[in-house]
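Read through the structure below, which is laid out as structure tokens, and then see the notes.
The values are calculated or read from the model by the stated rules, or taken from the named source; none is laboratory data. Nothing here was measured: the structure is a model prediction, and the numbers come from that model. Positions of Cβ are backbone-derived with ideal geometry, glycine not excepted, and every protein chain shown enters the neighbour counts.
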Amino acid sequence: MSAPRVGVVGLGAIGSMTLWQLARRGIPAVGFEQHWSPNDRSAHAGESRLFRSLPYLEKAPGDRAILRAARGLWQQLEQESGHHVYFQNGGLVIGREDNPGLRNVAALAAGRDGTEANILDAHALRGRFPQFRISDGEMAVLDVHGGLLKPEWAVAAAVRTAVAHGAQVRTASRVRGWREANGQILVETGQESVAVDKLIVCPGPYAGELLPDLPLKARRLLLAWFAPDDASRVPAFQAEAFPSFVRESELGFTYGGPSFDNTFIKLGGDFDWGRAEEPSCMDRNITAEDLAGVRAVAAQELVGIDSSPVRAEMYMDAWSDDGTALLGALDADATQILAAGFTGYGFKISPVIGSILADLAGRGETDFDIGYMSPARFRREPAAEELLPERA
């Protein structure tokens, strides 16, 4: 492949998928990763990520179209790479019967599946999935296309497939910044300057360090693994019997699923573990207070799980101030393109975001509606007094 035309900063979930999509289209590309790829220093670590094919947290029509396209691209990555990264063992969405978002998911599931067999009231849910502690008035929708993704393998598969198509990869190469020069963009690392025609920035939780003027913050994200309280219960929590789940309850928004070794289950939730003020040196220590939320999930929402975790890890993710990702051009000429701040929902749609970014870099537009994610919504307009000429 000739000199790179498109640079990709960050080879985590979205950056790796972008590099793959660029390379498979024959667009010369080079990826920069400050660590290694995959790694445990970003938002894609943790051995598994949930996959849903039905929109629940996705509110905008554009989000829903992106989600609909995700499953096909995960399957495409598997076919091209030879890596099995998508495990379809079903996914439950659990909440109160009067939750309008859940009722909407139920209607979508019935329309797609042609049956209401996967819409479960409290009685049916207890009978079909006794691993969950269910209160009267709760219900669930079983997303038959839901399941689990292997994030580290997915990132590795995308990068390897991109390289096989001719992409260049520079690991241990931290981007310090970039500047325009002679009609190109010079990407500056600690070791070299690389000229590209367009630059796609996928910084993950490091967005605030590279782009401090944008409202993007890194948050600490704890994941914990738990074991059944008796060996006889292990089969009930293996992937064949125990689907991944998201749930809204008195504890807030929680989630979990089986581990790929069929030994433990992984739990998490939308609890406040604080910001990672300096992502490059984030505090990874875990306190008893940090564990309180996920321990409550094990004790109060599941049956037969020991509430003492066998393992816990602190990761981080990037969040935007308004809860919506930033996706689109950073400059008037659209030579610098940003994808960041997916606020906890980016991994399952990352191959679609990679495809959109390849569209923008390759042909300057995409068929997906992404206007509501434009970084321009945070662009500060100068105040009137700033527009006045200086007085003599």
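I need the strands (runs of 3 or more DSSP E) fully contained in the range 212-286, keeping only those with at least 1 residues that are buried (at least 16 other Cβ atoms within 10 Å of the Cβ) and in contact with a helix residue (DSSP H, G or I) (Cβ under 7 Å, 6 or more places away or on another chain).
Correct list: 216-226, 252-258, 265-269.
Could you tell me whether the range 176-197 includes any residue that is out of contact with any Gly (no Cβ under 9 Å at 6 or more places or on another chain), at pLDDT 95 or above, aliphatic (A, V, I, L, M) and surrounded by 22 or more Cβ atoms within 10 Å (Cβ to Cβ)?
For the range 176-197, residues out of contact with any Gly (no Cβ under 9 Å at 6 or more places or on another chain), at pLDDT 95 or above, aliphatic (A, V, I, L, M) and surrounded by 22 or more Cβ atoms within 10 Å (Cβ to Cβ): absent.
Among residues belonging to the range 80-126 that are in contact with a helix residue (DSSP H, G or I) (Cβ under 6 Å, 6 or more places away or on another chain) and charged (D, E, K, R), point out the one that is surrounded by the fewest Cβ atoms within 10 Å (Cβ to Cβ).
Glu116
Look through Ala298, Ala312, Ala329, Ala325 and report the one residue that is surrounded by 15 or more Cβ atoms within 10 Å (Cβ to Cβ) and under 17 Å from the mean Cα position of the chain (by Cα).
Going through Ala298, Ala312, Ala329, Ala325 in turn, just one is surrounded by 15 or more Cβ atoms within 10 Å (Cβ to Cβ) and under 17 Å from the mean Cα position of the chain (by Cα): Ala325.
Could you grab me the full set of residues in the range 23-74 that are under 23 Å from Ser259 (Cα atoms) and of a type in the set (Lys, Arg)?
Scanning the range 23-74 gives Arg41, Arg49, Arg52, Arg71.
Looking for something modelled with pLDDT of 95 or more, of a type in the set (Lys, Arg) and touching a Ser or Thr at 6+ places or on another chain (Cβ under 8 Å) - is there at least one such residue anywhere in the range 227-237?
no
Taking Val30 as meeting all but one of (1) assigned by TED's automatic domain parsing to the domain that holds Gly166; (2) surrounded by 21 or more Cβ atoms within 10 Å (Cβ to Cβ); (3) assigned to a loop (DSSP other than H, G, I, E, B), write down the number of the exception.
Every listed condition holds for Val30 apart from (3).
Is it the case that some residue within the range 108-115 is polar (S, T, N, Q), without any contact (Cβ under 8 Å) to a residue 24 or more places away in the chain, in the same structural domain as Thr254 (by TED's automatic domain parsing) and in a loop (DSSP other than H, G, I, E, B)?
yes
If we scan the range 149-163, do we find a residue that is over 30 Å from Cys202 (Cα atoms), within 25 Å of the chain's Cα centre (by Cα), of a type outside the set (Gly, Ala, Ser) and crowded, with 21+ Cβ neighbours inside 10 Å?
No, every residue in the range 149-163 fails to be over 30 Å from Cys202 (Cα atoms), within 25 Å of the chain's Cα centre (by Cα), of a type outside the set (Gly, Ala, Ser) and crowded, with 21+ Cβ neighbours inside 10 Å.
Tally the residues that are modelled with pLDDT of 95 or more, of a type outside the set (S, T, N, Q) and part of a loop (DSSP other than H, G, I, E, B), restricting the search to the range 290-324.
6
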